[in-house]
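For reference, the structure is listed below as structure tokens.
The values are calculated or read from the model by the stated rules, or taken from the named source; none is laboratory data. In this text the structure is predicted, and so the values were computed from the model without any measurement. Here the Cβ is made from the backbone with ideal geometry for all residues, glycine too, and neighbour counts use every protein chain on show.
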Amino acid sequence: MRRRTFRLISAMMASLSLLGFCVSAMACTGFYVGKDASANGAVMLARTVDLHPLAAMFRVLVVDRVEDQPGQHHTGTQGFSWPLPDTTFKYTSTPMATGMGFGRYGSACMNEMGLAITGTVTAYARKEIRQMDPAVEGGLCEEVIPELIAASCASAREGVALIGKIMAELGSSEQNIIMLADANEAWYVETYTGHQWAALRMPEDKVAVFGNQFMIRYLDQDSEGALYSPGLFKEPEKAGLAVYGEDGRMDISRTYAGSLSDYGNRRTWIGHKTLAPSTAGDYDINTQYDLFYTPDDKVSVKDLMALTRNRFEGTPFSPEETGRGDLRVIGTESQGTAHILQVFDGLPAALSCVGWQCLANAEHSVYLPISNVVTDTAESYKRDSLERGYQPEMASIAYKRLCALAEQDRMNYGAGVRGYWDGMEEKLLAEYPEVLAKAADLYDNSPKDAAAHLTEYTVRTQEKAYEDANTLFEELLWYVMDHTDTLKYSFSYDTLTMGEIPTQKPFVPILALE
């Protein structure tokens, strides 16, 4: 009965996709921390992968190196195809399950050469610009970008060059923001139209947080730290669409995107408000906030974890404090996965990347570490499915069902879940540097032993968290069953009246007491 229902739902989803109601744009939030602004000296790229449908199925897996096989191509479901090198690099990835029906969407990749990629944050070009240089069917798209670069490129700069080459030869079917980093440099890339794009080398002493909006204002056309398409300036000028700043230079953001919106700009502001409160000020829709800025303090992995969960607490834009359901936050329930990718410059390239991966909503799920040197992941994490449906044997669904339940009542249900995962993350953040240091020692004599050491740790950690997610769900479900009552306040049997004191005590996981 249940399987039949899910097959019917899947069929309906397929029918809707044919009508254009496919997966909505990956309306994500992006984060960057330069190595000199980072608490532990690693550059960090991070992103929340926000999408509909809400119950998305993602995986965490290792894609093996392929040696000397000519004729390989990287393909997508919308007609994209690009030749791969005869030898492709090994990498970790976070793709969708096959049954989602939308393609790979590798999302976050780290390869054996020490290159990390997150792609993409969707952005939006104004109508006139899109008409000037239309999107190209079968062009570069979010579905293929991270894994294509991870398989093909040895450095961040090579990744930017590949994006530019594809944009010139095939074009792009979307507007996206991509970030890439290796031990030497990090790059920020915006793709605007069918063939126009720009990239900036990101400053090592700055940070960035941005919503769904193009952020590059001005480019120094002669700078070694700026790359762009040949027509970036010429095409809008020729079409009469260029917008200029007070100094006479073309304002790229205003030219290609037009006006600002609360949807993206408010999330950009909360990044300033959180990481640089001394200079943020109050939110103003008419202010285009700087892409890169100096944080008040060094930024840690834990700080970024908190930002991915941010719901504008303590501001006039908090859904919980205002009762409004139309406020777009960072910590949205539509997160399918989230990640923080670190690149260290003092380690061999093959284990220089550490990804903190979170399946489902970061608010009530957990970040777990994975190195680019690992050779495998836990069964529940890599498990694929040929149909979309309720399959808690997949880690992403096990976490998602816990999130969905916890977020029905953030105070009474969710706080206990969030507290438990917070404790696990604190433990992992404290112990992982030692785990990584041991792997580095092993690597000097045997890269294979280093990979085995980190793989065993990763799989064990994933299996433990998956088991705990299932236990938490069962405990919370029982708690909900035991506390579903309209009468939530003290009651006097003498006067037969309700008092003002809530009687419900928030959920506390038994796991937290062990």
Out of the stretch 62-112, which residues are in contact with a Pro (Cβ under 8 Å, 6 or more places away or on another chain), surrounded by 21 or more Cβ atoms within 10 Å (Cβ to Cβ) and outside any loop (DSSP other than H, G, I, E, B)?
-> S93, A108, C109
Complete set of residues in the stretch 462-496 that are part of a loop (DSSP other than H, G, I, E, B) and either hydroxyl-bearing (S, T, Y) or surrounded by 18 or more Cβ atoms within 10 Å (Cβ to Cβ) (or both) = T484, T486, Y493, T495
Positions within the stretch 289-321 being crowded, with 19+ Cβ neighbours inside 10 Å and polar (S, T, N, Q), in sequence order | T308, N310
Any hit, the stretch 478-494, residues being touching a Leu at 6+ places or on another chain (Cβ under 8 Å), hydrophobic (A, V, I, L, M, F, W, C) and not assigned by TED's automatic domain parsing to the domain that holds V343 | yes
When the stretch 252-286 is checked residue by residue, the ones that are among the polar types (S, T, N, Q), out of contact with any helix residue (DSSP H, G or I) (no Cβ under 8 Å at 6 or more places or on another chain) and surrounded by 14 or more Cβ atoms within 10 Å (Cβ to Cβ) are S253, S261, N265, T268
Taking I117 and the conditions (1) farther than 30 Å from G258 by Cβ; (2) in contact with a Cys (Cβ under 7 Å, 6 or more places away or on another chain); (3) part of a strand (DSSP E or B), which numbered condition does it fall short on, given that it satisfies the others?
-> (1)
Check M179, M215 and return the single one that is surrounded by 21 or more Cβ atoms within 10 Å (Cβ to Cβ), touching a Leu at 6+ places or on another chain (Cβ under 6 Å), at pLDDT 95 or above and within 17 Å of E142 (Cα to Cα).
-> M179
If we take the stretch 274-371, then helices (runs of 4 or more DSSP H) inside it with 1 or more residues that are assigned by TED's automatic domain parsing to the domain that holds Q213 and under 29 Å from A156 (Cβ atoms) are 277-280, 301-308
Within the stretch 231-246, restricting attention to residues that are touching a residue at least 12 places away in the same chain (Cβ under 8 Å) and not aliphatic (A, V, I, L, M), which residue is surrounded by the fewest Cβ atoms within 10 Å (Cβ to Cβ)?
-> G245
Sort through M110, M57 and tell me the only one that's outside the structural domain of L405 (by TED's automatic domain parsing) and either under 25 Å from A350 (Cβ atoms) or among the acidic types (D, E) (or both).
-> M110
Could you identify the single residue in L428, L442 that is assigned to a helix (DSSP H, G or I) and touching a residue at least 12 places away in the same chain (Cβ under 8 Å)?
-> L428
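This table checks each residue for (1) farther than 17 Å from T88 by Cα; (2) surrounded by fewer than 24 Cβ atoms within 10 Å (Cβ to Cβ).
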| residue | (1), (2) |
| --- | --- |
| I129 | yes, yes |
| A150 | no, no |
| A154 | no, yes |
| G159 | no, no |
| A168 | yes, yes |
| E174 | yes, yes |
| N184 | yes, yes |
| V189 | yes, no |
Matching residues in the stretch 346-402 - criterion: being touching a His at 6+ places or on another chain (Cβ under 9 Å) and either surrounded by fewer than 24 Cβ atoms within 10 Å (Cβ to Cβ) or over 27 Å from Y32 (Cβ atoms) (or both) = L402
Please indicate, with yes or no, whether at least one residue in the stretch 85-95 is at pLDDT below 95 and closer than 17 Å to A360 by Cβ.
-> no
Among residues of the stretch 196-207 being surrounded by 24 or more Cβ atoms within 10 Å (Cβ to Cβ) and not aromatic (F, W, Y), the residue nearest to S38 (Cα to Cα) is V207
Would a scan of the stretch 323-330 turn up a residue that is crowded, with 18+ Cβ neighbours inside 10 Å and touching a strand residue (DSSP E or B) at 6+ places or on another chain (Cβ under 8 Å)?
-> yes
Could you identify the single residue in A469, A512, A452, A430 that is over 26 Å from D345 (Cβ atoms), modelled with pLDDT of 95 or more and of a type in the set (A, V, I, L, M, F, W, C)?
-> A469
Residues within the stretch 256-265 that are under 22 Å from M202 (Cα atoms) and either of a type outside the set (A, V, I, L, M) or not assigned by TED's automatic domain parsing to the domain that holds V243 (or both), tallied | 3
